[in-house]
Amino acid sequence: MPSAVFDVLVSNMIHFFKNRLARGTELIGQMSLGRLEFELMQILWSRGASNVREVIQELDRPLAYTTVMTTLDRLYKKNLLDRHMPDRAFVYSPRLSREEWERRRAQSFVAGFLAGAPASRDLLLSSFLDAVGQHDAVLLDELEKKIQKKRKELFRRGPS
Amino acid sequence: MSAPYVLRLLCLCLASFFLVSSIAGLIAASASRAAVRMAETMQPRSAARFLFFVRLLPLALGVGAVLGLCIPSYLWLEPHGTPERVGLICLTLAFLAVASCCLSLIRTGRAMAGSLRCKRSWQLAGRETQLKGGASLALVVKKEAPLLALAGVLRPRMVISDAVLRSLSAEELDVALHHENAHRVSRDNLKRLLLLLAPGPIPFVRGFAFLEQAWAKFSEWAADDEATQGDAHRALSLAGALLRVARMGAGPRLSFLHTSLVAGDHDLSARIDRLLRLDHARPVPFPRT
């Protein structure tokens, strides 16, 4: 039993340091990408500027609007995407070409790790910054619809 | 007690603190995903408490090792007149401890300065009002920004902008104020300060971000649960309030020492979905993300 616990601890430590190394690039905005993030980046690299619905249409599996929206938002926060709102929904476009992203990622791998992470407060603050920032109008509309639907449902049922 | 004797004790204390808190910190940081997974099976308030405990455990162990082991054994066993020099390893560890603590203090100082700046500007532009649903006086600020927050650590105060006050219905405002009041009761801003003060596992390495973000999310969900009290109508009002505040657009820059109603862009849809699923007398845990 103690050796099993030790194994778990050691593997967790290795995982932590591997993440730590991988996250070096994040520190200056070019973090290694997760599977979905990479898929979305590939779509945007091939299609160019697109909104959430257009990206969803290009995916080879059905994903919720909110999932894709959240992932694009995360990529925007990582400085990998630009976004603007010409109409009611954000249009995302890659900030870097794929070649440029790969080159910068390789360059910043060691530098990022040695530089260490930015202050925790700054990163945690960013969630508050974006908290009441601009939201995707389509997402807000979808949420509004859900609220209306629930309101009707509760109204039919009568007061609790 | 001579100066070299005290300086040696100081070096030893710092080195021991760094050694114990760093090892415990590395273990806690590497196990943070497992801790968050475990927290996801709990009710939000218990989950937030559990994650807060895990985050502060390394600091507590470090302080405990110094106060309970290092100082008593040194005073008891170390002879006073020994002309002993502090080793290089001990000095290095002591230096790292100082660096680690200084970084935490700088981070906390910046957050506190930012909070004070905001608070002062709000006090200048606001008036104190007793709002229905608020446990104490709230500061109503003449701003069009979507501001609804709890500011301050020891005596946190509700701050709300005119725009939010105008746009929320009476029921939405009531449940939103109860949400912020839940943060006040659970002293979330004080906990934020402690999180900022607690050093990371190694200087310049940010190992607890995941844990801290998970804690922040669970605190929000706990405040949601406490504000809605398992009532589907109140949950619907809170979801409506969140959406209205989100629709109001760009808001003021908030410090980490403030608790805001809409605490995270990515969280918004997840929180609203969760509130709409609330159809039971008892709060439901949040699904894994």
Test each condition in (1) at the interface with another protein chain (Cβ under 7 Å from one of its Cβ atoms); (2) surrounded by fewer than 24 Cβ atoms within 10 Å (Cβ to Cβ) for B:GLY240 and report the one that comes out false.
-> (2)
Of all residues in segment A:74-95, how many are without any contact (Cβ under 8 Å) to a residue 24 or more places away in the chain and either touching a Leu at 6+ places or on another chain (Cβ under 9 Å) or part of a strand (DSSP E or B) (or both)?
-> 4
Based on what the data block shows, is B:LEU91 over 20 Å from B:ARG206 (Cα atoms), surrounded by fewer than 15 Cβ atoms within 10 Å (Cβ to Cβ) and touching a residue at least 12 places away in the same chain (Cβ under 8 Å)?
-> yes
Residue pairs meeting the criteria (Cβ under 8 Å; at least 6 apart or on separate chains; first facing chain A (nearest Cβ under 9 Å), in segment B:102-115; second hydroxyl-bearing (Ser, Thr, Tyr)) = B:ARG107/A:SER120; B:ALA111/B:SER255; B:GLY114/B:SER255
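For a quick check of your reading: which helices (runs of 4 or more DSSP H) sit entirely within segment B:177-255 and have at least 3 residues that are at pLDDT 85 or above, more than 24 Å from B:MET38 (Cβ to Cβ) and touching a Leu at 6+ places or on another chain (Cβ under 8 Å)?
In segment B:177-255, the matching helices (runs of 4 or more DSSP H) lie at B:188-197, B:232-247.
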In segment B:196-253, what count of residues is obtained for those that are over 16 Å from A:ILE147 (Cβ atoms), free of Cβ contacts under 8 Å to residues at least 40 places away in the same chain and aliphatic (A, V, I, L, M)?
-> 2
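If you take the residues of segment B:155-175 that are within 20 Å of the chain's Cα centre (by Cα) and either assigned to a loop (DSSP other than H, G, I, E, B) or crowded, with 23+ Cβ neighbours inside 10 Å (or both), which of them is farthest from the other protein chains (Cβ to nearest Cβ)?
The selected residue is B:ARG155.
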Taking B:PHE208, is it more than 10 Å from chain A (Cβ to nearest Cβ), surrounded by 19 or more Cβ atoms within 10 Å (Cβ to Cβ) and among the aromatic types (Phe, Trp, Tyr)?
-> no
Within segment B:1-21, which residues are part of a helix (DSSP H, G or I), of a type in the set (Ser, Thr, Tyr) and more than 12 Å from B:LEU75 (Cα to Cα)?
-> B:SER16, B:SER21
Name the single residue, out of those in segment B:124-154 being surrounded by 23 or more Cβ atoms within 10 Å (Cβ to Cβ) and in contact (Cβ under 8 Å) with a residue 60 or more places away in the chain, that is nearest to B:LEU238 (Cα to Cα).
-> B:LEU148
If only one of A:SER126, A:SER120, A:SER108 is at pLDDT below 70 and within 8 Å of chain B (Cβ to nearest Cβ), which one is it?
-> A:SER120
May I ask you to list the residues in segment A:75-105 that are under 23 Å from B:PHE208 (Cα atoms) and modelled with pLDDT of 85 or more?
-> A:LEU75, A:TYR76
Selection from segment A:38-80 of residues of a type in the set (A, V, I, L, M) and within 14 Å of chain B (Cβ to nearest Cβ) yields A:VAL52, A:LEU63, A:ALA64, A:VAL68, A:MET69, A:LEU72, A:LEU75
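The values are calculated or read from the model by the stated rules, or taken from the named source; none is laboratory data. This one's a predicted model, so the numbers in the text were calculated from it and none came from an experiment. Here the Cβ is made from the backbone with ideal geometry for all residues, glycine too, and neighbour counts use every protein chain on show.
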